[in-house]
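This report concerns only the one structure given below.
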Amino acid sequence: MISWYAQTVIDYVVVGTVIVLAMLGIHKVLRKFGVGREAATGYALILPWIIGMLVWTIGPFLVSLFLSFTDYNVLQSPTWIGVDNYVEMFTDDRQFWSVLRFTLLYSLLNVPLGLFGALATATLLNQNVRGLGAWRTIYYLPAVLPAAATALLWRWMFASNGIFNFLFRPFYSLFDLEAPAWFTNPDLVLPGYIIMGLWGVFGANTVILLAGLKSIPRDLYDAAKVDGAGRFSQYVNITIPMLTPTIFYVLIIGVIASLQTFTQAFFIDHTRRAGTFMNVYIYQEAFERNRMGYASALGWVMLLIILLFTLLVFRSSAAWVYYEGERA
């Protein structure tokens with residue numbers, strides 16, 4: 001054990017030394033080519049980030065693109081098969097369409113509900129009431145709690161004998177209904193995940209929207225009051241337009257995050273007849289069935305879908321996003 005730790009420390013020291021020497025070398029080379037001292041120092045200091053980007057981001061990115069055109073099971077060398085993985089995905093893999101449908105339905109329902117809930121919560125937190133700092137802290141907790149622990153907590157709450165069914169038992173008895181099996185009934189799996197997704201309303205999105213609300217100039221509200229505008233009219237005609245850049249940002253982040261949902265479904269065992277999320281399906285193909293090539297193809301298709309939805313939101317922004325000082 002001691003020798004293993006010693007070897008690890010030596011590896012860290014060697015890598016750190018190589019990076020420092022590379023930084024010094026880049027600095028000297030740039031200085032010889034006439035680059036100013038301050039600029040050369042800046043380029044040298046960002047060299048570790050550039051190396052990390054090339055090795056840990058761009059490298060795997062390009063490798064996954066290559067693997068998507070191969071048959072690769074980790075244990076053997078990848079075999080080039082062209083576009084066969086993509087042909088299988090769209091023609092022979094029925095589970096792919098079920099997974100894609102489940103993921104898109106979840107996103108189309110969860111994103112607008114989450115955005116509306118976050119906006120409503122931020123509006124409430126923007127009021128001048130007693131103990132507001134404590135409320136803001138409480139509502140931000142979902143952003144810092146571990147996702148895995150939260151998923152396990154929701155699994156316990158939605159169990160057949162969990163707290164959710166326990167609290168609603170009088171309602172079920174009143175209408176002579178059976179307690180729902182949230183994760184074994186295919187019709188209830190998607191609503192269950194949507195309810196879980198609303199937990200994220202009380203987190204980073206609320207804080208971001210609250211910051212946007214705080215940045216709106218008070219002069220606009222004062223002028224509106226002088227003109228006789230009520231609170232609802234001020235909210236519709238001042239708050240929402242001035243907040244649209246922040247809403248636009250939260251919408252983009254929400255679309256990307258919902259399409260990449262993984263942790264909840266990974267830790268919650270629900271019936272697969274309802275489908276699952278695309279990232280979970282990619283994980284299953286890669287690490288459970290050892291089909292790394294096919295999983296890479298799925299990942300690239302998912303990337304294109306995310307880019308498509310992001311582009312649609314960007315293209316629509318010209319019709320509803322207002323920037324202060326922007327000329328018509």
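Here's the yes/no breakdown for (1) of a type outside the set (A, V, I, L, M); (2) closer than 23 Å to ALA274 by Cα:
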{"site": "VAL144", "(1), (2)": "no, no"}
{"site": "ARG155", "(1), (2)": "yes, yes"}
{"site": "PRO170", "(1), (2)": "yes, no"}
{"site": "PRO180", "(1), (2)": "yes, yes"}
{"site": "ILE208", "(1), (2)": "no, no"}
{"site": "LEU213", "(1), (2)": "no, no"}
{"site": "PRO217", "(1), (2)": "yes, no"}
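Among the residues of segment 137-153, is any in contact with a helix residue (DSSP H, G or I) (Cβ under 8 Å, 6 or more places away or on another chain) and loosely packed, with under 13 Cβ neighbours inside 10 Å? Give the derivation first.
First, pick out the residues of segment 137-153 that are in contact with a helix residue (DSSP H, G or I) (Cβ under 8 Å, 6 or more places away or on another chain): 139-140, 142-143, 147-148, 150-152.
Still in the running and loosely packed, with under 13 Cβ neighbours inside 10 Å: 148.
Yes: segment 137-153 contains one or more residues that are in contact with a helix residue (DSSP H, G or I) (Cβ under 8 Å, 6 or more places away or on another chain) and loosely packed, with under 13 Cβ neighbours inside 10 Å.
Residues that are under 23 Å from TYR281 (Cβ atoms) and modelled with pLDDT of 85 or more: which helices (runs of 4 or more DSSP H) entirely in segment 96-191 hold 3 or more of them? Break it down into steps so the answer makes sense when it comes.
Details: elements: 132-144, 147-157, 163-167, 169-174.
Once the helices (runs of 4 or more DSSP H) in segment 96-191 are filtered for at least 3 residues that are under 23 Å from TYR281 (Cβ atoms) and modelled with pLDDT of 85 or more, what remains is 147-157.
Given the conditions (1) within 26 Å of ALA151 (Cα to Cα); (2) of a type outside the set (Asp, Glu); (3) assigned to a helix (DSSP H, G or I), report the number of the one that HIS270 does not fulfil.
Of (1) within 26 Å of ALA151 (Cα to Cα); (2) of a type outside the set (Asp, Glu); (3) assigned to a helix (DSSP H, G or I), only one is false for HIS270: (3).
Any idea which of VAL20, VAL63, VAL74 is touching a residue at least 60 places away in the same chain (Cβ under 8 Å) and surrounded by fewer than 14 Cβ atoms within 10 Å (Cβ to Cβ)? I'd like the intermediate steps shown before the answer.
On the way: VAL20 fails: touching a residue at least 60 places away in the same chain (Cβ under 8 Å); VAL63 fails: touching a residue at least 60 places away in the same chain (Cβ under 8 Å).
Of the residues listed, the single one that is touching a residue at least 60 places away in the same chain (Cβ under 8 Å) and surrounded by fewer than 14 Cβ atoms within 10 Å (Cβ to Cβ) is VAL74.
In this structure, does THR276 turn out to be under 20 Å from MET196 (Cβ atoms), more than 16 Å from the chain's Cα centre (by Cα) and surrounded by 17 or more Cβ atoms within 10 Å (Cβ to Cβ)? Can you show your working first?
Numbers: under 20 Å from MET196 (Cβ atoms): yes; more than 16 Å from the chain's Cα centre (by Cα): yes; surrounded by 17 or more Cβ atoms within 10 Å (Cβ to Cβ): yes.
Considered against the rule, which asks whether it is under 20 Å from MET196 (Cβ atoms), more than 16 Å from the chain's Cα centre (by Cα) and surrounded by 17 or more Cβ atoms within 10 Å (Cβ to Cβ), THR276 comes out as yes.
Quick one: which residue in TYR249, TYR294, TYR322 is farther than 30 Å from GLY162 by Cα and not in a helix (DSSP H, G or I)? Show your work before the answer.
Numbers: TYR249 fails: not in a helix (DSSP H, G or I); TYR294 fails: not in a helix (DSSP H, G or I).
After applying the criteria, what remains is TYR322.
Consider LEU100 carefully, then state whether it is of a type outside the set (S, T, N, Q), within 30 Å of ASP187 (Cβ to Cβ), surrounded by 12 or more Cβ atoms within 10 Å (Cβ to Cβ) and in contact (Cβ under 8 Å) with a residue 60 or more places away in the chain. I'd like the intermediate steps shown before the answer.
Values: of a type outside the set (S, T, N, Q): yes; within 30 Å of ASP187 (Cβ to Cβ): yes; surrounded by 12 or more Cβ atoms within 10 Å (Cβ to Cβ): yes; in contact (Cβ under 8 Å) with a residue 60 or more places away in the chain: yes.
Considered against the rule, which asks whether it is of a type outside the set (S, T, N, Q), within 30 Å of ASP187 (Cβ to Cβ), surrounded by 12 or more Cβ atoms within 10 Å (Cβ to Cβ) and in contact (Cβ under 8 Å) with a residue 60 or more places away in the chain, LEU100 comes out as yes.
Would you mind listing the helices (runs of 4 or more DSSP H) fully within segment 33-93 where at least 2 residues are touching a His at 6+ places or on another chain (Cβ under 8 Å), at pLDDT below 95 and more than 28 Å from ALA286 (Cβ to Cβ)? Quick ask: steps written out before the conclusion?
On the way: elements: 37-45, 47-53, 59-67, 84-91.
Ranges flagged: 37-45.
Does any residue of segment 165-172 turn out to be under 28 Å from the mean Cα position of the chain (by Cα), surrounded by 16 or more Cβ atoms within 10 Å (Cβ to Cβ) and within 28 Å of ARG101 (Cα to Cα)? Walk me through how you get there before you give the answer.
Of segment 165-172, the ones under 28 Å from the mean Cα position of the chain (by Cα) are none.
For segment 165-172, residues under 28 Å from the mean Cα position of the chain (by Cα), surrounded by 16 or more Cβ atoms within 10 Å (Cβ to Cβ) and within 28 Å of ARG101 (Cα to Cα): absent.
Only one residue in GLN284, GLN234 is of a type in the set (S, T, N, Q), in the same structural domain as LEU113 (by TED's automatic domain parsing) and over 20 Å from the mean Cα position of the chain (by Cα). Which one?
Working: GLN284 fails: over 20 Å from the mean Cα position of the chain (by Cα).
Unique residue meeting the criteria: GLN234.
Return yes when THR261 is within 29 Å of ILE194 (Cα to Cα), assigned to a loop (DSSP other than H, G, I, E, B), in the same structural domain as GLY114 (by TED's automatic domain parsing) and among the β-branched types (Val, Ile, Thr) and no when it is not. Outline the logic, then answer.
Details: within 29 Å of ILE194 (Cα to Cα): yes; assigned to a loop (DSSP other than H, G, I, E, B): yes; in the same structural domain as GLY114 (by TED's automatic domain parsing): yes; among the β-branched types (Val, Ile, Thr): yes.
It is true that THR261 is within 29 Å of ILE194 (Cα to Cα), assigned to a loop (DSSP other than H, G, I, E, B), in the same structural domain as GLY114 (by TED's automatic domain parsing) and among the β-branched types (Val, Ile, Thr).
In segment 77-97, what residues are surrounded by 14 or more Cβ atoms within 10 Å (Cβ to Cβ) and aromatic (Phe, Trp, Tyr)?
TYR86, PHE96
Pick from TRP182, TRP199, TRP156: which is assigned by TED's automatic domain parsing to the domain that holds GLY275 and within 20 Å of the chain's Cα centre (by Cα)? Let's see the steps before the verdict.
Details: TRP182 fails: within 20 Å of the chain's Cα centre (by Cα); TRP156 fails: within 20 Å of the chain's Cα centre (by Cα).
Of the residues listed, the single one that is assigned by TED's automatic domain parsing to the domain that holds GLY275 and within 20 Å of the chain's Cα centre (by Cα) is TRP199.
The values are calculated or read from the model by the stated rules, or taken from the named source; none is laboratory data. This structure is a prediction, so every number in the text was calculated from the model and none was measured. Neighbour counts run over all protein chains shown; Cβ positions are idealised from the backbone, glycine included.
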